Amino acid sequence: MGAGSAEEPSEEIRLARVALVAEICAAMRDAAVAIAFADDVAELIATSSRDSFHDVKKATHRAVEAFVEGLTERNDESGEGNVNVNAANALKKHARALCAAVLPDARHRHSQTRLSCLRAVSSLVPFLSVAEMEELVAPGVQPMCADRTPGVRLALHEALARWIVSAETSDESGALVAEAPDGSSADAAA
C-alpha cells in the first residue's frame with residue numbers, strides 16, 4: 001500500500017496512506033504480529049517523513065507513536081503497557097532511523113508540526129542509547145530551545161525532564177530502559 005507513496009501527486013491520498021499505517025499500528029493488539037511487520041512499517045514511516053505536506057508530517061509523527069504503541073503489549077485488565085524483549089529489540093532496531101527521519105521537522109514552520117515531532121521523538125527516546133541521544137536527539141531538538149512559540153519551548157522542557165529521569169534507568173549497554181506505568185522497568189516485566 002505504501003510503495004510508491006512518494007510519487008503520489010495527491011496530498012490527500014498520501015495523507016490517507018500514512019493515516020492508515022498509524023491506524024493499523026494502533027489497532028494491533030498482539031506485539032508478535034507487530035514485530036513481524038516492524039521492518040516494513042518502519043520503512044513506510046521513514047518514507048512518509050520526507051513528505052513536504054504539513055498534515056502528512058503530523059500524521060507521520062502519529063504513526064511513529066502508534067508504531068511504538070503497537071509494539072507495546074497491553075495488559076487487558078489494567079490497560080498498562082509493558083514492552084517484551086522482542087518488541088524492545090525491534091524498537092531499538094528502528095528507533096534511531098525513525099528519530100533521524102522525523103527530527104528535521106523540529107525546524108518546521110508550523111508550531112503544531114514541531115510539537116507533533118517532539119511527541120514522536122519522545123515515544124522513541126526509551127529505545128535510544130544515551131550516545132544516540134547525545135549524537136542525534138540533542139542537536140535535533142536544540143532549535144526548539146529558542147522556539148518562537150512558548151508552547152513548543154514548554155513542551156521541550158517537559159520532555160527533557162522526562163528524558164533525564166529515564167536516562168537514570170539506562171541498562172549496561174547504554175540503552176534506556178522503558179518504564180512501565182507502575183515504575184518497574186519494562187525489561188523486568190518481560
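The values are calculated or read from the model by the stated rules, or taken from the named source; none is laboratory data. What you are looking at is a predicted structure, and each value in this text was computed from that prediction instead of being measured. Here the Cβ positions follow ideal geometry from the backbone for every residue, glycine too, while neighbour counts run over all protein chains shown. Ligands, DNA and RNA are stripped out before the accessible areas are found, and what is left, the full protein with its side chains, is counted by its heavy atoms. Shrake-Rupley method; radii C 1.70, N 1.55, O 1.52, S 1.80 Å.
What the table shows:
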{"quantity": "Counted charge near Val21, where neighbours are those whose Cβ lies closer than 15 Å (Asp, Glu -1; Lys, Arg +1)", "calculated": "-3"}
{"quantity": "Largest to smallest accessible area among Thr60, Thr47 [probe 1.4 Å]", "calculated": "Thr47, Thr60"}
{"quantity": "Segment 92-159 versus segment 17-53: alpha-carbon centroid distance in Å", "calculated": "19 Å"}
{"quantity": "Cut-off under 5 Å, modelled amide H: who pairs with Ser129 long-range", "calculated": "Leu176"}
{"quantity": "Label point distance in nm, Asp39-Phe53, each placed 7 Å from Cα along Cα→Cβ", "calculated": "2.9 nm"}
{"quantity": "Residues Arg148 and Val85, FRET efficiency given R0 of 35 Å [Cβ-Cβ distance, rounded to 0.05]", "calculated": "0.25"}
{"quantity": "Other-chain or far-sequence residues with amide H under 5 Å of Asn84's (modelled H)", "calculated": "Glu73"}
{"quantity": "Backbone HN-Hα couplings from phi across segment 42-47 [Karplus 6.51/-1.76/1.60, Hz, Gly and Pro as x]", "calculated": "4, 5, 4, 5, 4, 5"}
{"quantity": "Sequence of Thr113, Thr72 when ordered by accessible area, the most exposed leading, probe 1.4 angstrom", "calculated": "Thr72, Thr113"}
